[in-house]
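Quick one: this structure, given as structure tokens, is what I'll be asking you about.
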Amino acid sequence: MHFEETPAIDQLRDSWNGFLDALPAIVAAIVVFVLFVVVASAIRRTVRGISDRAGRRRNLGFVLGRLAQALTILIGFLIACIIVFPEFKPTDLIQILGIGSVAIGFAFRDVLQNFLSGILILLTEPFKIDDQIVFGEFEGTVEDIQTRATTIRTYDGRRIVIPNGQLFTNPVTVNTAFSSRRLEYDVGIGYGDDIDTAKRLILQAIGGVEGVLAEPVPDVLTHELGDSAVILRARWWIEPPRRAHALDYRDRVLTSIKYLFDANGIDMPFPTQVTLFHDQSEETDGRRGKQREGWPRGKAEPPLPLRRTTGPEPGANDRSDHQADRSGSDA
């Protein structure tokens, strides 16, 4: 069978001949790329092993290994392209990627921010898995730290997923960063109670709770003179510093304080408010320099009443003059 020569057939023949000429380079490029893929997998395992031996988190070794693997594969791909297309220059690809990365950066700005923040959190480790943290209105135990977000479990059994960008750029309280933690509570006593006795009872209550640390030494400070009570601030240290232990120790300390106060007659007053109505029942009423603003006033004797059994009432002449002037005006 004879095929008539056509431009299409000539083009196919040229393409086939060009493929055969480039076949050795293509095979070499494939071999080089496969070798780089194998090396990249070995590098990933090595990086993860080094991270594990250094005591770093599993996720950190995983992320660093993946990054090293991707970088190695990219280098192998560029070398393979140079083998197949000798006229290809890596700078051309870099320029193309540079232009495209601007658009990609704007489109995935939040994603990239969370990714980079996750890498930095894994590297610096401001908190770890199983730490108890407070972030804004959320508080709980860290379950997992990934490159995009961190997951915490709240104390009431809910899961919160927080983007790493927010965690890295905002304040985070780590309650379990140290082995011990100080707790404090304000206790109010009556103004008629002895402060030294109340402090001694509070320290006795704290010292009687098993698990409260003897060092640092617990203390009680006179914190405030409130409207209805003298406020004493009790402070003590516990170990470990987890939330469950803090609630347990606080419960036992406060219960012991209440029992000791009741047994020794120390008052724990509730807020009260007194309203005074001045009905001209005291001879100092109307004289702002001597009029009392509260009741009672220390150990001083109260003023004499305004109403007396004999003699004119103070101010009677003034009222008579006023009535006389008013009668004159009416006339």
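The values are calculated or read from the model by the stated rules, or taken from the named source; none is laboratory data. For clarity, every value in this text was computed on a predicted model and none was experimentally measured. FYI the Cβ positions are ideal-geometry reconstructions off the backbone, even for glycines, and counts take in every protein chain you see.
Within segment 191-209, how many residues are under 34 Å from the mean Cα position of the chain (by Cα) and either over 26 Å from ASP248 (Cα atoms) or not in a helix (DSSP H, G or I) (or both)?
The number of residues fulfilling the criteria is 2.
Another question, if that's okay. Give segment 193-213 a look and list any residue that's surrounded by fewer than 17 Cβ atoms within 10 Å (Cβ to Cβ) and either in contact with a Gly (Cβ under 8 Å, 6 or more places away or on another chain) or not hydrophobic (A, V, I, L, M, F, W, C) (or both), or say none.
Those that are surrounded by fewer than 17 Cβ atoms within 10 Å (Cβ to Cβ) and either in contact with a Gly (Cβ under 8 Å, 6 or more places away or on another chain) or not hydrophobic (A, V, I, L, M, F, W, C) (or both): ASP194, ASP196, THR197, ARG200, GLN204, GLY207, GLY208, GLU210, GLY211.
Right, something else. Please indicate, with yes or no, whether at least one residue in segment 243-254 is touching a residue at least 24 places away in the same chain (Cβ under 8 Å) and either closer than 30 Å to LEU116 by Cβ or part of a loop (DSSP other than H, G, I, E, B) (or both).
The answer is no; no qualifying residue exists.
Now for a different question. Going through GLU184, GLU224, GLU215 one at a time, which residue ends up being in contact with an Asp or Glu (Cβ under 9 Å, 6 or more places away or on another chain) and either part of a strand (DSSP E or B) or farther than 22 Å from PRO271 by Cβ (or both)?
That would be GLU224, the only listed residue that is in contact with an Asp or Glu (Cβ under 9 Å, 6 or more places away or on another chain) and either part of a strand (DSSP E or B) or farther than 22 Å from PRO271 by Cβ (or both).
Residue-by-condition table, conditions (1) part of a helix (DSSP H, G or I); (2) modelled with pLDDT under 70:
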{"position": "HIS2", "(1), (2)": "no, yes"}
{"position": "ASN17", "(1), (2)": "yes, yes"}
{"position": "ALA42", "(1), (2)": "yes, no"}
{"position": "ILE50", "(1), (2)": "yes, no"}
{"position": "GLY61", "(1), (2)": "yes, no"}
{"position": "GLN69", "(1), (2)": "yes, no"}
{"position": "ALA80", "(1), (2)": "yes, no"}
{"position": "PRO86", "(1), (2)": "no, no"}
{"position": "GLY100", "(1), (2)": "yes, yes"}
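State all residues of segment 131-164 that are touching a residue at least 40 places away in the same chain (Cβ under 8 Å), within 19 Å of ALA244 (Cβ to Cβ) and either among the aliphatic types (A, V, I, L, M) or part of a loop (DSSP other than H, G, I, E, B) (or both); if no residue qualifies, say none.
Residues satisfying the conditions are ASP131, ILE133, VAL134, TYR155.
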